[in-house]
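Here the structure comes first, spelled out in structure tokens, and everything after it is commentary.
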Amino acid sequence: MRKYLIEMLKAKKKDNNEDGFTLVEVMVVLVIITLLTTFVVANVLPAQDRALLSKTKADIRILEQAMEMYRLDMFDYPEEDAGLEALKSLPSGADETRYRKGGYVKLLPNDPWGRPYIYLYPGENGVFDIFSYGSDGEPGGEDQAADIVSWEQ
């Protein structure tokens, strides 16, 4: 019986030595995780940039449509000093009887970078201009930092 117990203990010691992962196995797993992370980041970040650009263009189209509804009711576009805020609430000096109850937009959106859209009336490129300076907030720029404008949509 004693011999049997000694053999059992030796067998358990051998099993314990084989438990766990080797350093090579851990390194292989880390390399695989790094490759997968790189692949995901390389494919997801450009999609986010495209989504921000699409949202900005959609916001500008909505503001343009609201501006046209304002013009139809009020017979002119809001003055530049009233800005886009005129789509949300009655500008001072405007005809209260013609202004649409509740305004023309419920909420004035900011661009995806947190800055308000810019409104010019009269516009330099159309009757009025609505635009965002893009991610850098400065005129001009390229790629994600390029201006997103109403007259090129």
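Filter region 73-97 for residues that are within 30 Å of the chain's Cα centre (by Cα) and not in a loop (DSSP other than H, G, I, E, B); which is surrounded by the fewest Cβ atoms within 10 Å (Cβ to Cβ)?
Glu85
Looking at the structure I just gave you, is Thr56 of a type in the set (Ser, Thr, Tyr), in a helix (DSSP H, G or I) and touching a residue at least 24 places away in the same chain (Cβ under 8 Å)?
Spelling it out, Thr56 is indeed of a type in the set (Ser, Thr, Tyr), in a helix (DSSP H, G or I) and touching a residue at least 24 places away in the same chain (Cβ under 8 Å).
Here is a list of conditions, (1) aliphatic (A, V, I, L, M); (2) more than 21 Å from Ala47 (Cα to Cα); (3) at pLDDT 90 or above, and Ile148 meets all of them except one; can you say which number that is?
All conditions are met except number (2).
In contact with a helix residue (DSSP H, G or I) (Cβ under 8 Å, 6 or more places away or on another chain) and either among the hydrophobic types (A, V, I, L, M, F, W, C) or more than 24 Å from Ala94 (Cβ to Cβ) (or both), is that true of Leu52?
Yes, satisfied.
Taking the stated definitions as given, is Leu108 in contact with a strand residue (DSSP E or B) (Cβ under 8 Å, 6 or more places away or on another chain), assigned to a helix (DSSP H, G or I) and modelled with pLDDT of 90 or more?
Here the answer is no, as Leu108 does not meet what is asked.
Report every pair of residues separated by at least 6 positions or lying on different chains whose Cβ atoms are under 7 Å apart, first residue within region 60-71 and over 17 Å from Ile148 (Cβ atoms), second of a type in the set (Ser, Thr, Tyr) and surrounded by 15 or more Cβ atoms within 10 Å (Cβ to Cβ).
Ala66/Tyr104; Met69/Tyr104; Tyr70/Tyr77; Tyr70/Tyr104; Arg71/Tyr77
What about Leu45, is it within 18 Å of Asp143 (Cα to Cα) and either of a type outside the set (D, E, K, R) or over 26 Å from the mean Cα position of the chain (by Cα) (or both)?
Spelling it out, Leu45 is indeed within 18 Å of Asp143 (Cα to Cα) and either of a type outside the set (D, E, K, R) or over 26 Å from the mean Cα position of the chain (by Cα) (or both).
Residue by residue through region 113-129, note down the ones that are among the acidic types (Asp, Glu) and in contact with a Leu (Cβ under 9 Å, 6 or more places away or on another chain).
If the condition is that a residue be among the acidic types (Asp, Glu) and in contact with a Leu (Cβ under 9 Å, 6 or more places away or on another chain), then Asp129 is the only one that fits.
Collect the residues in region 111-153 that are in contact with an Asp or Glu (Cβ under 8 Å, 6 or more places away or on another chain), surrounded by 12 or more Cβ atoms within 10 Å (Cβ to Cβ), part of a loop (DSSP other than H, G, I, E, B) and among the small types (Gly, Ala, Ser), keeping them in residue-number order.
Within region 111-153, Gly123, Gly134, Gly141 meet the criteria.
Does Asn125 qualify as being in contact with a Pro (Cβ under 6 Å, 6 or more places away or on another chain) and not hydroxyl-bearing (Ser, Thr, Tyr)?
Taking the combined requirement at face value, the residue does not satisfy it.
The values are calculated or read from the model by the stated rules, or taken from the named source; none is laboratory data. Just so it is clear, the model here is predicted, and its values are computed rather than measured. All Cβ positions, glycine included, derive from the backbone under ideal geometry; neighbour counts span all protein chains shown.
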